[in-house]
1. Just check region 6-138 against the gyration tensor rule for me: Cα atoms, a ≥ b ≥ c as the square roots of the eigenvalues, rounded for a/c under 1.5, and otherwise prolate or oblate depending on whether a/b exceeds b/c.
2. Taking amide hydrogens as modeled 1.01 Å from N in the peptide plane, which residues meet the under 5 Å criterion relative to Asn240, leaving out close sequence neighbours?
3. Return the long-range amide H neighbours of Val6 (sequence gap of 5 or more, or a different chain), with a cut-off of under 5 Å between placed amide H atoms.
4. Pop the C-beta distance of Ala19 and Asn72 into the FRET formula with R0 = 35 Å and round what comes out to the nearest 0.05.
5. Can you tell which of Asn72, Ser86, Ile56 lies farthest toward the positive end of the dipole of region 48-87, using +1 and -1 charges on the Cβ of basic and acidic side chains (Lys, Arg; Asp, Glu)?
6. Only helical DSSP H runs with n ≥ 4 go in: add -39500 (n - 2.57) per run for the chain, normalise by residue count and round the 222 nm mean residue ellipticity to 500 deg cm²/dmol.
7. Which lysines does Lys241 reach when only Cα atoms under 21 Å apart count, and residues fewer than 8 places away in its own chain are ignored?
8. Let me spell out the model: positive unit charges on the Cβ of Lys and Arg, negative unit charges on the Cβ of Asp and Glu, origin at the Cα centre of region 210-350. What dipole size does that give, in debye rounded to 20?
Amino acid sequence: MADQPVRIILADDHDLVRAGIRNALQDVDNLVIVSEVGNGVDLLQALAALEADLLIMDINMPGFEPLPEVLNIRTKYPALRILIVSAYDDDIYVQGLLSAGANGYHLKDQPLSDLKLAVDRILSGKRWVSSPLLEKLLSPQSGGVPILSKRQLDIAQCLTNGLGNREIARQLHLSVKTVENHLTRLYNQLHVTNRLEALAYLYEHPEILALPAQAAAQDTSYTREYLGAERTRILIVDDNKRYRKQLSRLVGIAHAPAMIYEANDIQEALHIAAKVAPQIVFVDVVLGNEDGISCTRRLRLKNPAARIVLISAYPDREFHRRGLEAGAAAFIDKKDMNTATLRQIIEDAVA
């Protein structure tokens, strides 16, 4: 290891668990625990204040939403190594967290000597998964992904946006009891038992959240027969939810044989692109604090065959030049994004 000690943040809401991990690592050279925290708020503050090299954490802490927070931490601190130490061994849940950016997943009931090995493996740039999980993760999955109704899709999208039951009820104009009933049916449909498992499954299978163009255009429910023909896979990347929905609707009107995916940021866009290989991608030049041109460049590397179209409410000649250099096929003013323009872009791409 390097001469500088490896700086560790230890996050678990149980003092005894933190003490056990601390004791297990105390005789390992060149490691120093710089902070111990017991909830999500304190963890994010410690990460911002300290230059940590390794985060050892249980994801079931107060004030911490596992999947979106792990994804957020990975995005903000790309060099940070993340080792999850948990009692939870569901394979779908583990896959979701590893896909979100965790470098390793260690079960709490495994020997302490394995924890030392896990830390060493992760610090050397490799991945770690406790051996009891490997068989589950490597076993082939049977059957396809379930097809959800429009209402189930609405509920699932709210889950991925981090909304609680009351917030979902307000957004969809339903009672909390109705939301709870929909969630129960959704869990049954996904073959999961709780919200965390559902989130992990949805993250691992973004194709579930895609809308057939007819449903996007008409805001109606849909059934499996929509999936009978080959669909054009179209990804829309924009941090403005209202505009994403508006553009999805226009795409649905312009091109009926489409499956439409939506992403809020670069990380989500790259994840969906890796899963579904979209043929056409619309990317806003400005994605919150992120750069749509950088997104274009990274999407081009991941999906060289995709036709990427940059869009902007503030067209700029320099943005246009840089966007085309990054691999965009076109640069279009949002004011010009009507059904005729979209139909021409899509027909050119799939011809």
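1. Note, shape of region 6-138 comes out rounded.
2. The list, which skips near neighbours in sequence, is empty: none.
3. Leu31, Val32
4. 0.80
5. Asn72
6. -14500 deg cm²/dmol
7. Within the straight-line cut-off, Lys241 pairs with Lys150, Lys334, Lys335.
8. On the way: 20 positive and 18 negative charges, 35 e Å.
Dipole about the Cα centre, nearest 20: 160 debye.
Values quoted throughout were computed directly from the atomic coordinates according to the rules given, and no laboratory measurement underlies them. Values in this document were obtained by computation on a predicted structure and should not be read as measured data. So basically every Cβ, Gly included, is an ideal-geometry build from the backbone, and we count neighbours across all protein chains shown.
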